[in-house]
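> Just passing along the structure, written as structure tokens.
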Amino acid sequence: MAKLGIIGCGDVAFRSYFPVLEQLGDAQVVACFDTVADRAERAASRFPGAEAYTSYEEFLAHPELEAVVNLTPAPLHAQVTEAALRAGKHVLSEKPIASKVEEAQALIGLAKEQGLLLLAAPAVMATPRFRWVKRLLASGRIGSPTLAVAQMATMGPASWREYTGDPTVFYSAAVGPVVDIGVYALHAVTGLLGPARRVQAMGGIAIPERTVLAGPHAGKKIQVEANDHVLIHLDFGHSRFAQVLASFAVPNSKAPAIELHCTGGTLSLDITRWYEGYGSIDVYLEDGSELGVEGWINGLYPPLPDEGPTFSLIGYGPAHFVRCLAGKEEPILTAEHATHVLEIMNKIGDSIRQGRALDLDTSF
């Protein structure tokens, strides 16, 4: 049984990670770290025998600790993960894996040097739904993929009434909609189409000030520093493309989260069901015969997982991490894939500033 530690006991930990970790039979949370003592103690109280820490060094020195889940704010991911790897701990990091490609590549090298597992969210490709889509594509039943169209578009965390943290950081220049939610679509389209070769983007700030609508920070004013509309084009070579919208300036939408168009059909995923890890997909099959029997088949579900409960999309991250540690699965959420998406996200900003398409250097 893997002995886990949680680094960062904020909103995402309590809402998305702890309910999953409480159900995993192959894992035991033995330590919880946060710079705020009350949060660390509240987190530890959910797991029998777990200890609370406000010193990261003491946390990493916990005698039973084998692996950690890094849930700190995005700008801290690289340095927190590096310290954990140097302490000999396996790591699952929330997205993004780092701020710079060079940092991510250094982490990959360090993990290999130490013989440690390094995985990174988001868990899109580890969900039963996207594993099933990968198998469907491999079968050739709907032909070859040619175009993915995706969107991750809301008004951002300031308007999320269930969010309990301070959303200011999400509108900062270090985060924004690409890093926070666009990353899900980018992992999906690259997970299905493979590494991209070029990226071109446009963006700007449409709504420069936000007011937090709910929670302990309700009424707080936030100045928007990151582009809140970002339109992204990706070229995968061989006339395969993707178009992605990442936005914190869209009140609502009925557009799908992602549609994948292939030579023999289309897959469509409802935006309202995006965070369902075990969720349905609508499929359109093209009929090239004279009979012309074609149309949408709505609400197709993947086969049920072989064992254990089903989780949200986010929950499949720790579930997959624990199964990899137990030797039950091969890594899907690889650091190499996360690094490729990180390069895309960084070059999106470069492309906006330079007004041109940029080549991508990483792969996975």
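> Report the per residue volume, in Å³, of the convex hull enclosing the C-alpha atoms of the stretch 1-149. Don't jump to the answer; show the numbers that get you there.
Details: hull volume 22.1 nm³, N = 149.
Convex hull volume per residue, Cα atoms: 148 Å³.
> Oh, and also: Expressed as a fraction of 2.2 N^0.38 Å, the rule-of-thumb size for a compact globular protein of N residues, what is the C-alpha radius of gyration of the stretch 1-73? Don't skip to the answer; put the middle values down first.
Values: Rg = 10.7 Å, N = 73, 2.2 N^0.38 = 11.2 Å.
After normalising by residue count via 2.2 N^0.38 Å, the value is 0.95.
> What residues qualify as long-range amide H neighbours of Ile205, i.e. H under 5 Å apart, gap of 5 or more or another chain, H built at 1.01 Å from N?
Asp228
> Take the alpha carbon atoms of the stretch 194-218, find their center, do the same for the stretch 281-345, and report the distance between the two centers in whole angstrom.
Their Cα centres are 25 Å away from one another.
> Report, in degrees rounded to the nearest 10, the 0 to 90 angle that the Cα long axis of helix 316-325 makes with the longest principal axis of the chain.
The two axes meet at around 70 degrees.
> Of the labelled options (i) 29, 59, 12, 0; (ii) 27, 54, 18, 1; (iii) 20, 49, 27, 4, 0, which one gives P(r) over Cα pairs in 20 Å bins from 0, in percent as computed for this structure?
(i)
> Given 0.36 nm per residue, what is the gain on full extension from Gln23 to Arg135 after removing their alpha carbon distance, in nm? Don't jump to the answer; show the numbers that get you there.
On the way: separation 112, 0.36 × 112 = 40.32 nm, distance 2.74 nm.
This chain segment gains 37.6 nm when fully extended.
> Here's something else I'd like to know. GNM, the chain, Cα, under 10 Å: largest mean-square fluctuation among Ala13, Ala37, Ala335?
Comparing Ala13, Ala37, Ala335 in the GNM, the peak value goes to Ala37.
> For helix 77-86, report the angle its Cα long axis makes with the longest principal axis of the Cα atoms of the chain; keep it between 0 and 90° and round to the nearest 10°.
60 degrees
> Out of Lys100, Lys254, Lys134, any idea which swings most in a Gaussian network model of the chain, alpha carbons joined below 10 Å?
Of the options given, Lys254 has the highest mean-square fluctuation.
> Measure off, as a whole percent, the carbon and sulfur share of the 1.4 Å-probe accessible area of the chain, all protein chains present.
On the way: 8190 of 15780 Å².
Here it works out to 52 percent.
> Please give the length that would be gained between Arg15 and Gln223 if that part of the chain were fully extended, namely 0.36 nm times their separation in residues minus their C-alpha to C-alpha distance (nm, one decimal).
Separation in residues times 0.36 nm, less the Cα-Cα distance, equals 72.3 nm.
> Angle, helix 101-114 long axis vs. longest principal axis of the chain, Cα atoms, 0 to 90°, nearest 10?
So the inclination is approximately 60 degrees.
> In addition: Roughly how many Å is it from the Cα centre of the stretch 82-99 to that of the stretch 1-71, as a whole number?
After rounding, the separation between the Cα centres reads 15 Å.
> Still on this structure: Do any GluC sites (Glu not before Pro) in the stretch 228-336 lie in a loop, going by DSSP, with at most 10 other beta-carbon atoms within 10 Å of their beta carbon, and if so which?
Numbers: sites: Glu259, Glu276, Glu286, Glu290, Glu294, Glu307, Glu329, Glu336; in loops: Glu286, Glu290, Glu294, Glu307, Glu329.
Loop-located and lightly packed - Glu290, Glu307.
> Here's another thing I want to ask about it. For the chain, calculate the relative contact order in percent as a whole number, restricting contacts to Cα pairs under 8 Å that are 6 or more residues apart. Working shown, then result.
Values: 812 pairs, mean separation 69.9, N = 364.
Reported relative contact order: 19 percent.
> Please compare each pair in Lys100/Lys328; Lys100/Lys134; Lys100/Lys221; Lys112/Lys328; Lys3/Lys89; Lys89/Lys328 to a cut-off of 22 Å on the Cα-Cα distance and tell me which ones are over it.
Details: Lys100/Lys328 31 Å; Lys100/Lys134 29 Å; Lys100/Lys221 29 Å; Lys112/Lys328 20 Å; Lys3/Lys89 10 Å; Lys89/Lys328 19 Å.
Flagged as over cut-off: Lys100/Lys328; Lys100/Lys134; Lys100/Lys221.
> Please find, in a Gaussian network model of the chain (springs between Cα atoms separated by less than 10 Å), the residue of Ser312, Ser93, Ser55 whose mean-square fluctuation is greatest.
Ser55
The values are calculated or read from the model by the stated rules, or taken from the named source; none is laboratory data. The structure displayed is predicted, hence computed values, not measured ones. We place every Cβ from the backbone using ideal geometry, glycine too, and count neighbours over all the protein chains shown. Ligands, DNA and RNA are stripped out before the accessible areas are found, and what is left, the full protein with its side chains, is counted by its heavy atoms. Shrake-Rupley method; radii C 1.70, N 1.55, O 1.52, S 1.80 Å.
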